[in-house]
Amino acid sequence: MEEEEDRIQNLRSKATELLLRKEWKDSIEVYSELISLCHDQISNPHQNLDPNNLPKLKKSLCLALCNRAEARLNLQDYPQALQDCNEASQIGNTHFKTLLCKGKILLSLNQYGLALDCFKKASLDPNELENSEMLNGYLEKCKKFEFLSRTGAFDISDWVLNKFHGKPPELAEYIGSIEIKKSDISGRGLFATKNLDCGNLLLVTKAVAVERAIVPESVFQDSKEQAQLDMWKNFIDKILESIKKCVRTRDLICKLSNGENEDDLEVPDIDLFRPEGEDSSTFHDKKIDKEKLLNILDVNSLVEELISAKVLGKNSDVHGIGLWILSSFINHSCDPNVRRSHIGDHVMIHACRDIKAGEELTFAYFDVFTPFRDREEKAKNWGFVCKCKRCNLEKGVSSNQEMMEIEMFLGKGLDNGGVVYRLEENMRRWMVRGKGKGYLRSSFWRVYSEVYESERSLRKWGSKVPLMENVLDSVVDAVGSDERIVKLLMKGLKRKNGHKGNGIVEMEKAMKLGRGLYGKIMKKQTLRTILIQLGN
């Protein structure tokens, strides 16, 4: 018995030293040996265990489980860490360190209400007053995140005004007024469950994994392709590590499309993706075929540097790829109604124009300000044919001789004002009205914007081209808000009003475009500051 006690003491000392040195994996191995030894001592009926030593042994077991949970938490192995805490709680359900560790794990799992309960119980321990400041920090964080996950009332103003310096703001998981349904576009999609205003937040979720690298535009194409290939390999390794650790993650990834038999896929309930109050019994510990996983990642992974995604706070040379599970259900359209912003490892999805209840959410997989034939080729590379209203209209007019001539003139030195004039005249002849005008103007955005940015072109063409405000309105109605639209509008306002300020009505219009671009995630004054900077 003395030998066993000495062995327990030696293992405890060694494990504690490793834990303090943050050697997590090694400490887990030693704690596992210690836990196994404690279990044997407690459960072996043939041991002549001194009854007075039983409480001491159970305390050692409780502490070892809690410390192993702490090490696993630092390795982001949340399910195993939570299991250790639950076992420790059965030994001492008011143990401060166990409650604190379990609260941190649940917070990392975005289960804010359950985490709050743990921290509240821990705060009742009268012997831990020296930890009250740290504990109060966790309590306030849980309360804040619970509020954000319930309301979606995010505010990143301070970070934006600080020009994105420092760590990105901490974000809570949020699922707004959306549901998953069968889609007429492809397979399944996300749909609005109520009318939404431009800028309304719909979804905030953290990536299963993200891989980023700095790939300067100046490097050779071969070097760029190799860097992107290395990123992809590292990204796959991170996904494999995540699904090895967590049954829930593996099960949710398995619900994504692998590009085959889209119509036969089940439609999961949106509540399955809510981390709060999840029932682990609903998830299945099943293996996933690696080939199927690669197909799933190929179909559902998002790249951060797309023009359709505003990457806040990142250098333009930073390329990233990640998997955000629920946002993977959003289908493509060349006339999208939502945009996404990447902040840290989170993606935020918001309405870029007004959306009606029952309308499917769509964003652009590639730049919407490109001509029909280019978009058609890009969709082909993605493995699908876009059949949105915009593509159907443009497909109909693309075969017209006049349209082919206009496309030929692009980049041939012809005055851009002349291109705009010819396109507008042809739209009148083709009887293109309403949104159709916005679609075609979006496809020829480059020539329109160059005309309106040039004083010389405006003097030359004057009344022969439509007012810039009318063009911008039609383009926003067609493809939603975009940074390039906002920049052109703000430059126009600056040119019109000089440095004396902008008209109230005009600035309110710019603010609505700004909300469509960034979403309602910052104060009005902060948004106004950004818009003015865009016009400089």
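The values are calculated or read from the model by the stated rules, or taken from the named source; none is laboratory data. Here the structure is a predicted model, which means the values were calculated and not measured. Don't worry about glycine lacking a Cβ; one is built from the backbone with ideal geometry, like all the others, and counts go over all protein chains shown. We work out accessible area using only protein heavy atoms, side chains counted, and drop any ligands, DNA or RNA first. Shrake-Rupley method; radii C 1.70, N 1.55, O 1.52, S 1.80 Å.
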Accessible surface of ARG428 - all protein chains present, 1.4 Å probe, nearest 10 Å² | 140
Length-normalised contact order of the stretch 389-506, Cα under 8 Å, at least 6 apart, in percent, tallies to 24
For an R0 of 51 angstrom, estimate the FRET efficiency from the Cβ-Cβ distance between ARG7 and MET134 and round to the nearest 0.05.
-> 0.95
Within the chain, helix-based [θ] at 222 nm, where runs of 4 or more DSSP H residues each add -39,500 (n - 2.57), nearest 500 = -17000 deg cm²/dmol
When mean projected area of the Cα convex hull in nm² is calculated directly from the model, which label among (i) 27.8; (ii) 37.1; (iii) 30.9 fits?
-> (iii)
Enter the angle in degrees (range 0 to 90, nearest 10) between the Cα long axis of helix 78-91 and the first principal axis of the Cα atoms of the chain, meaning the one along which they spread out most.
-> 30
Tabulate in residue order the Karplus-calculated ³J(HN,Hα) for the stretch 28-42, using 6.51 cos²θ - 1.76 cosθ + 1.60 with θ = phi - 60°, rounded to whole Hz; enter x for Gly and Pro.
-> 4, 4, 6, 5, 4, 5, 5, 4, 4, 5, 5, 4, 4, 5, 6
Show the residues, 5+ positions off or on another chain, whose built amide H is closer than 5 Å to the amide H of ASN331.
-> LEU190, PHE363
Estimated FRET transfer efficiency (GLU483, PHE220; beta-carbon r; R0 30 Å; 0.05) | 0.55
Per the 1.4 Å probe, what fraction of the accessible area of the chain, in percent, lies on carbon and sulfur atoms?
-> 49
Expected unfolding gain across LYS59-ASP317 under the 0.36 nm per residue rule, minus the alpha-carbon gap, is 87.6 nm
Charge dipole (debye, nearest 20) of the chain; +1 at Cβ of Lys and Arg, -1 at Cβ of Asp and Glu = 2780
With each label point set 7 Å from Cα along the Cα-Cβ vector, what nm distance links LYS287 and ASP271?
-> 3.4
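Can you list which of the GluC sites (Glu not before Pro) found in the stretch 214-265 are DSSP loop residues with at most 15 other C-beta atoms within 10 Å?
Here the GluC sites (Glu not before Pro) that fit, given the DSSP loop and packing criteria, are GLU217, GLU260.
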Of LYS487/LYS523; LYS22/LYS58; LYS238/LYS290; LYS121/LYS143, pairs whose Cα-Cα distance is over 23 Å | LYS22/LYS58
How far, in degrees from 0 to 90, does helix 221-245 lean away from the longest principal axis of the Cα atoms of the chain, to the nearest 10?
-> 40
Kindly express, to the nearest 10 degrees and within the range 0 to 90, the angle between helix 112-123's C-alpha long axis and the longest C-alpha principal axis of the chain.
-> 40
What ³J(HN,Hα) values, in whole Hz, does the Karplus curve 6.51 cos²θ - 1.76 cosθ + 1.60 give for the stretch 15-25 when θ = phi - 60°, with x put for Gly and Pro?
-> 5, 5, 4, 5, 5, 5, 7, 6, 8, 4, 4
Cross-link reach list, lysines versus LYS56, counting only Cα pairs under 21 Å and skipping chain neighbours closer than eight places = LYS14, LYS97
Can you work out ³J(HN,Hα) from phi for every residue in the stretch 526-535, in order, using Karplus 6.51 cos²θ - 1.76 cosθ + 1.60 and θ = phi - 60°, giving whole Hz and x for Gly and Pro?
-> 5, 4, 4, 4, 5, 4, 5, 5, 5, x
Per residue, how much accessible area does the stretch 427-510 have with a 1.4 Å probe, in Å²?
-> 53
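Whole number in Å², please: accessible area per residue of the stretch 76-184, 1.4 Å probe, ligands, DNA and RNA not counted.
For the stretch 76-184, the solvent-accessible area averages 54 Å² per residue.
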If you count, for each residue, the other Cβ atoms within 10 Å and average over each peptide, how do 19-27, 263-271 line up from highest to lowest?
-> 19-27, 263-271
Proximal lysines to LYS464, defined as alpha-carbon separation beneath 18 angstrom and excluding residues fewer than eight positions away on the same chain | LYS437
Cβ crowding within 10 Å averaged over residues, with 400-410, 454-464 ranked highest first = 400-410, 454-464
